[in-house]
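The values are calculated or read from the model by the stated rules, or taken from the named source; none is laboratory data. All figures in this text were calculated on a predicted structure; none of them were measured in a lab. Positions of Cβ are generated from backbone atoms using ideal geometry, with glycine treated the same way; all protein chains shown enter the neighbour counts. Note: areas computed on protein heavy atoms with side chains; ligands, DNA, RNA excluded. Shrake-Rupley method; radii C 1.70, N 1.55, O 1.52, S 1.80 Å.
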Amino acid sequence: MIYSFAFKIHIFISTITLLAGIFTIALSIHGLIKKREYGKQDLVVSLVFNVALYFQLILGFLIYYLLRSTMEGPLWEVPDTQNDASLRFWAIEHIALMIFALFLTQLGRVYITRSKGFSRKFRASLFYFGTSLLLILFSVGMAMFSR
């Protein structure tokens, strides 16, 4: 019961994360085309994207490590990920991709706050947040095929 509730929250926040990521990319493209200043709206949307990824990380660890059913085995046993693609995806690949996406998003926010000039900020936003969003979309696509 707690597992399914946490999983539904994880999916809900995933939707918010994807929407914030797409909106961040759209604002960056618009900012580059219109040559406008990097404003508060841009910072807030990228912050929502970043914070949502942190929530995803916390919820993902709770779901995978604390709320797993006892049928999947104790926490200290390493699952046989070598022979099961689905287990390998959730135990290794999904977690690694999401942590790297979060790392890129955090790095992008730091770089953007320290950069001078709106063009440089929008290009950095496109690179860091765009790459992060591509990793997330790639992981979601892999999840569809690993079931």
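A few points about this structure:
- Given (1) open to solvent by 50 Å² or more (accessible area, probe 1.4 Å); (2) modelled with pLDDT of 90 or more, number of the condition Thr24 does not satisfy: (1)
- Residue check for Lys8: among the charged types (D, E, K, R), part of a helix (DSSP H, G or I) and either at pLDDT 95 or above or more than 15 Å from Leu133 (Cβ to Cβ) (or both): yes
- Residue within region 70-89 that is modelled with pLDDT of 90 or more, open to solvent by 60 Å² or more (accessible area, probe 1.4 Å) and assigned to a helix (DSSP H, G or I) present: no
- Filter result for Met142 (farther than 20 Å from Ser46 by Cα and within 16 Å of the chain's Cα centre (by Cα)): yes
- In region 109-147, the residues that are open to solvent by 80 Å² or more (accessible area, probe 1.4 Å) and of a type outside the set (S, T, N, Q): Tyr111, Arg114, Lys116, Arg120, Arg123, Phe127, Leu134, Leu137, Phe138, Met144, Phe145, Arg147
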